[in-house]
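The values are calculated or read from the model by the stated rules, or taken from the named source; none is laboratory data. As the structure is a prediction and not an experimental result, all values here were calculated from the model. Backbone-built Cβ (ideal geometry, glycine too); neighbour counts: all protein chains shown. The area values use the complete protein model at the heavy-atom level, side chains included, leaving out ligands, DNA and RNA. Shrake-Rupley method; radii C 1.70, N 1.55, O 1.52, S 1.80 Å.
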Amino acid sequence: MLLSLLSIMSSGSTATCQLYSSPNLARRRASSCSFIKLSPKASIHAPHRAPEILDIAGELRKVSGRILDAFVDLTFKFSNQPWLPTQSNFMPVDEIGDAVILDDIEGEIPDDFPEGVYIRNGSNPLFGGLQSASSVLGLSSETWVEGEGMLHAVSFSRATNGGGSGGGWIVSYKNRFVESDTFLLERRRNRPSFLPVVEGNPASVIASYLLNQLRYGKITKDMSSTNIFELSGRLFAVTESHLPQEMDLLTLETIGSWDVNGLWDRPFSAHPKKAPGGELVFVGADWKEPFLVLGIVSADGKELKHKVDLKLKRGIVCHDIGISERYNIILDMPLTFDFHRLIKGGPFIKYEKQSYARIGVMPRYGDSDSVKWFDVEPYCMFHIVNCYEIGDEVIVRGWRSIGSMIPGPDLGRNKSQWFSRGFNRKSTDEYSDGLFFSRLHEWRLNMNTASVTERYLMGTGFSSEFPFANDLFGGLYNKYAYAQVVNSEASSDAGLPKFGGLAKFYLDEKDATAFKLENLDSEYMKVERRKLGASEFYSGAAFVSKRGDFEEDDGWIISYVHNEQTNTSQVHIIDAKNFEGGLVAKITLPRRVPYGFHGAFIPVTNRL
């Protein structure tokens, strides 16, 4: 009955939502959503329409919106998903207000440390928890990666009078929600409004899709909670299901969504990459055709220089993209969107371990026919650390696992138990434990012979994720990579990822005391590790490079660290060259910082 009603309501109708992308924040906060029914050839903006007709259309729009709101309120019941005691630091926090000067600093911030902002994004549910919505059709729920985006920023500036809170430095902390238009809408209503659409009973998910589209003109919220990136002095928060949100680097105020001067009208990948020369390369993945479109924006951020449909035959989750000096590297892995599968009673997003997997190598400004596809063993990889070229080969290095923790278990399975087994490092059996056990992997793609060689670059001593490197070497040969090390026991207890260490990988150095290269005899890769205490965990680690003529690992690692025993959060600074040595500085923050996703250090020179 519900689906029939929705079908009738959507027939010949257009849902519109005045979600403005303007820097004029007052106008954005005054925006409102509505539903309007139009004939196929009619337009309420036609100049010959009489004012009386426009008034009638406006009133009908308001009435239709109220009817749909009342229908949802009557039919669906929202509820917060419960937090486990072991998930206490995944719980959201409030905004702190004005920036707070930090004076609890152990150690010294180096004189050659660059001025800038260390900033990290993450999920911070607006109404206290991730949402579920129940109805006669069943339950639909938000996944663990959803929730409104919140930025946490620590700013470093030199004191002009030689004073300051850290030996000649002024260090401050501030946090703020990413105020997308959908965020403003729900905060204004002071209740959840968008129905969850990623996981749950298929009938409930389908109804949620349709109702969100009818009410707001889009099927999901603009959360912008995954990553942040900088382009030509501008800061953006992003999640791959929608457009990035431009943010003010100093105030963390949301400026508005970025559509590249109206030329990009689809999702935007969570990990765009700067090619050598500064151009921004990215993709937009969608559940409907065109499934994957690649874009290139000029280094100054003003021009969309290239846009091409890659003509994939299926919808895929494409979280990351690689670049080398001449090529774009496309990941076509079997983590798929499939609305037809959903209609048949299956999940909308699923890792199809029996399906094909490919890696595509495309000339920077090529078209779909120019992509050279390499068939590889099925894989799940969310994060590439770097790609580069040597002779006829393109080398791709990233973190590979045998299964996906997104979106979650199949309907009816115990979610906590499923996540716990996935983090269990004692086994990597495809059908039980270790699905999320992630390791550094390498593909060598020969552009001349079309051959592929692939191997893990580390054994099973530990699982790691959220890799990063010196961004000055993006697309070029590099010798070092870094990643957060999973605390498998703590992650199993929480059913969510916790990172109790950091690792530095010497990609082309061998060390008999380190970890064996799995596919080679008698050869080892050098790895250094840092471990925190049993109740301490990293979040959003990033590389801070010395600017100028320095070696690749001349710089620092910076990360948020939370101590669950004392419930305090800090920022740690580590000398990348002395990776296993003592901390350079430890900065205590005025409040708890929840675990989140990706971080970066933005030098203030990038804003000039």
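Here are a few things to note about the model shown:
- Once the C-beta distance of D375 and D309 is scaled by a Förster radius of 22 Å, the resulting FRET efficiency is 0.55 to the nearest 0.05.
- Dipole magnitude (debye, nearest 20) for the stretch 258-323, charges at Cβ of Lys, Arg, Asp, Glu: 220 debye
- Heavy atoms of D259 accessible to a 1.4 Å probe, total area in Å² rounded to 10: 50 Å²
- Cross-link pairs exceeding 18 Å between alpha carbons, from the set K273/K302; K344/K415; K273/K531: K344/K415; K273/K531.
- Accessible area ranking (1.4 Å probe, heavy atoms, ligands and nucleic acids excluded), largest first, for E580, E564: E580, E564.
- Distance in nm between pseudo-label sites at N567 and R592 (7 Å out along the Cβ direction from Cα): 0.6 nm
- Sites D392 and D259 - FRET efficiency at Förster radius 35 Å, r taken between beta-carbons, to 0.05: 0.35
- Distance between the pseudo-spin-label points of I101 and N448 (7 Å out from Cα toward the beta carbon): 6.3 nm.
- Rolling a 1.4 Å probe over the protein heavy atoms gives the stretch 348-399 an accessible area of 38 Å² per residue.
- The slack between A299 and K510, meaning 0.36 nm per residue of separation minus the straight C-alpha distance, is 72.2 nm.
- K498 - accessible surface, heavy atoms, 1.4 Å probe, Å² rounded to 10: 10 Å²
- Solvent exposure of the stretch 151-240, expressed per residue, is 27 Å² of accessible area, with all protein chains present and a 1.4 angstrom probe.
- Computed E for Y365/A534 - FRET, C-beta separation, R0 51 angstrom, nearest 0.05: 0.50
- Summed over the residues of the stretch 549-608 and divided among them, the accessible surface reaches 40 Å² per residue at a probe radius of 1.4 Å.
- Dimensions in Å of the stretch 568-608 - Rg and Dmax from alpha carbons: 13.1, 35
- Using a probe radius of 1.4 angstrom, the carbon and sulfur fraction of the accessible surface of the stretch 74-201 is 51%.
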